[in-house]
Amino acid sequence: MEADEDVQTNLVEILDLFPDLIDRNSDQEQADPYLIGLAMKLKATVITEEEIMDPAAVQDPNRKKKMKIPNVCRHFGLATMNLVQFVNSSEWRTKQIGKN
């Protein structure tokens, strides 16, 4: 899916502020900025298994780890949750086989 103008504008802002959200030397597609940019446009919650990085680590200029999705989302005021939290927050129900 191609990013529309709003999402592209968000992508520029995200990567200007958090250039290490992606590995610029990688040949693989990296969807994290797009996911966050789309969530910004839709004012959506981002589902991710990444855990938020300690704020002190975020500020460390010698940090070796790439920026994490929850940190970027927090900066932009977006909510995040993991898959278990998402399932628990939904009205999903399991149906036993053979029972109505």
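Figures for the structure shown
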{"item": "Filter result for the condition that a residue is out of contact with any helix residue (DSSP H, G or I) (no Cβ under 7 Å at 6 or more places or on another chain) and modelled with pLDDT of 95 or more, over 61, 55, 70", "result": "70"}
{"item": "Criterion violated by residue 56 - all others in (1) over 28 Å from residue 85 (Cα atoms); (2) free of Cβ contacts under 8 Å to residues at least 12 places away in the same chain satisfied", "result": "(1)"}
{"item": "Pair list, Cβ < 7 Å and 6+ apart or interchain, from the stretch 18-45 residues that are farther than 19 Å from residue 6 by Cβ to residues that are surrounded by 15 or more Cβ atoms within 10 Å (Cβ to Cβ) and among the aliphatic types (A, V, I, L, M)", "result": "20/67; 30/22"}
{"item": "Residues being farther than 15 Å from residue 76 by Cα and acidic (Asp, Glu) - total across the stretch 7-23", "result": "2"}
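The values are calculated or read from the model by the stated rules, or taken from the named source; none is laboratory data. Only a predicted model underlies this, so the values are computations on that prediction, with no experimental measurement involved. With ideal geometry, Cβ positions are generated from the backbone for all residues, glycine too; neighbour counts draw on all protein chains shown.
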